[in-house]
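Visitor: This is the structure I have questions about; it appears just below.
The values are calculated or read from the model by the stated rules, or taken from the named source; none is laboratory data. All values derive from a computational prediction rather than experimental measurement. Here the Cβ is made from the backbone with ideal geometry for all residues, glycine too, and neighbour counts use every protein chain on show.
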Amino acid sequence: MQVNPDPKRLLIVAHAPSPNTLRLREAVARGASTFASATLEVVVKPPLEAGPRDVLAAHAVILGTPENLGYMSGALKDFFDRIYYPCLERTQGLRYALYIRAGQSVGAASRRAVEGVVTGLRWRAAQEPVICCGQFSEEFIQRCAELGQAMAAGLDAGIF
């Protein structure tokens, strides 16, 4: 029996400045962790703590942000600023997923902002973004858990 010494790593980088955005990040991690095993590791880091090494060690990434003034959070933008050039040539094709807590807007501006950066990095979306807009709802928790679960399942199955 051959044992894989290096598990695949799913990195979750999500800014959670409020109790509700923290619940979303926890739901993503909980969903992803349903597939955590000896062959799949789930790592959760706030954007201000994540860096190029984390991204270079990842096999897929889930990004999370609240929409702030029609843009991604400053913390997620800072993360992108710090990892962009160190990761540019070494992470092309990396699969990612995105969730946005958009409040009363539709999240389109934040989505465009994040997609602009990941397009430059040449990362590939694994699925459509989950955009949680309007009054906070328990449905957001479920949708974020499903996002984490789908990403982990795809990574574990070798789909990406």
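Visitor: Please go through segment 24-60 and pick out each residue that is among the basic types (K, R) and either surrounded by 17 or more Cβ atoms within 10 Å (Cβ to Cβ) or in contact with a His (Cβ under 8 Å, 6 or more places away or on another chain) (or both).
Guide: First, pick out the residues of segment 24-60 that are among the basic types (K, R): 25, 30, 45, 53.
Answer for segment 24-60, where residues must be among the basic types (K, R) and either surrounded by 17 or more Cβ atoms within 10 Å (Cβ to Cβ) or in contact with a His (Cβ under 8 Å, 6 or more places away or on another chain) (or both): just R25.
Visitor: Among the residues of segment 146-160, write down those that are surrounded by fewer than 21 Cβ atoms within 10 Å (Cβ to Cβ) and of a type outside the set (S, T, N, Q).
Guide: E146, A150, A153, G154, D156, A157, G158, I159, F160
Visitor: A further question follows. Could you list, in sequence order, the residues of segment 110-131 that are among the aliphatic types (A, V, I, L, M), surrounded by 17 or more Cβ atoms within 10 Å (Cβ to Cβ) and under 28 Å from N20 (Cβ atoms)?
Guide: A113, V114, V117, V118, A126, V130, I131
Visitor: Here is a further query. Scanning for something over 18 Å from D156 (Cβ atoms), modelled with pLDDT of 95 or more and outside any helix (DSSP H, G or I), does segment 25-36 turn up at least one residue?
Guide: Within segment 25-36 (the criterion being over 18 Å from D156 (Cβ atoms), modelled with pLDDT of 95 or more and outside any helix (DSSP H, G or I)), the answer is no, since none of the residues qualifies.
Visitor: Can you confirm whether segment 36-52 contains a residue that is polar (S, T, N, Q) and under 22 Å from P129 (Cα atoms)?
Guide: No, that holds for no residue.
Visitor: Among the numbered conditions (1) farther than 20 Å from A29 by Cα; (2) of a type outside the set (A, V, I, L, M); (3) modelled with pLDDT under 95; (4) surrounded by fewer than 16 Cβ atoms within 10 Å (Cβ to Cβ), tell me where G107 comes up short.
Guide: Failing condition for G107: (4).
Visitor: Sticking with this one: From the list R112, R90, R101, which one is assigned to a loop (DSSP other than H, G, I, E, B), over 12 Å from the mean Cα position of the chain (by Cα) and either at pLDDT 95 or above or among the hydroxyl-bearing types (S, T, Y) (or both)? Quick ask: steps written out before the conclusion?
Guide: Numbers: R112 fails: assigned to a loop (DSSP other than H, G, I, E, B); R101 fails: assigned to a loop (DSSP other than H, G, I, E, B).
The match here is R90.
Visitor: Scan segment 64-82 residue by residue and report those that are surrounded by 23 or more Cβ atoms within 10 Å (Cβ to Cβ) and touching a helix residue (DSSP H, G or I) at 6+ places or on another chain (Cβ under 6 Å).
Guide: G64, T65, P66, E67, M72, listed by residue number.
Visitor: Of V106, V61, V44, which residue is over 16 Å from the mean Cα position of the chain (by Cα), outside any helix (DSSP H, G or I) and under 20 Å from L147 (Cα atoms)?
Guide: V106
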